[in-house]
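Visitor: After the structure tokens below, expect a handful of questions from me.
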Amino acid sequence: MNESTNEQEALKNFIDQVRWLYEAEYGDFKRKVGLYLERLEQTLPESSQGRTKPVIEEIKSKVIFSPSGDIESTRRQIIQKMHELLSGPSGPLH
């Protein structure tokens, strides 16, 4: 597998984790999404650069640092942002 394929798989895995995450409390949702983001960053060390970094930072900002408290709208925003990364310009994500 090449680097781009690994990145796409990691992003798809993250999307699936968020899609199937059901928590009654926003705090629990926020903590789990934060954990998933941390794992994604560990899987993709190159995510600290390139076009992946601003997307991850935006998600962190929306979910962790200035949350709306609405799990479903936040979930949709996260998934949409990650799909934009997946379907963005061709070539590596970093």
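The values are calculated or read from the model by the stated rules, or taken from the named source; none is laboratory data. All figures in this text were calculated on a predicted structure; none of them were measured in a lab. Every residue, glycine among them, receives a Cβ derived from its backbone with ideal geometry; neighbour counts consider all protein chains shown.
Visitor: Residues in region 26-47: is at least one in contact with a Gly (Cβ under 7 Å, 6 or more places away or on another chain) and modelled with pLDDT of 90 or more?
Guide: Yes - at least one qualifying residue is present in region 26-47.
Visitor: Of all residues in region 34-82, how many are in contact with a Leu (Cβ under 9 Å, 6 or more places away or on another chain) and not hydrophobic (A, V, I, L, M, F, W, C)?
Guide: 8
Visitor: Another question, if that's okay. For residues that are surrounded by fewer than 13 Cβ atoms within 10 Å (Cβ to Cβ) and not in a loop (DSSP other than H, G, I, E, B), scanning just region 58-75, find the one that is modelled with the lowest pLDDT.
Guide: Among those residues, the one meeting the criterion is Phe65.
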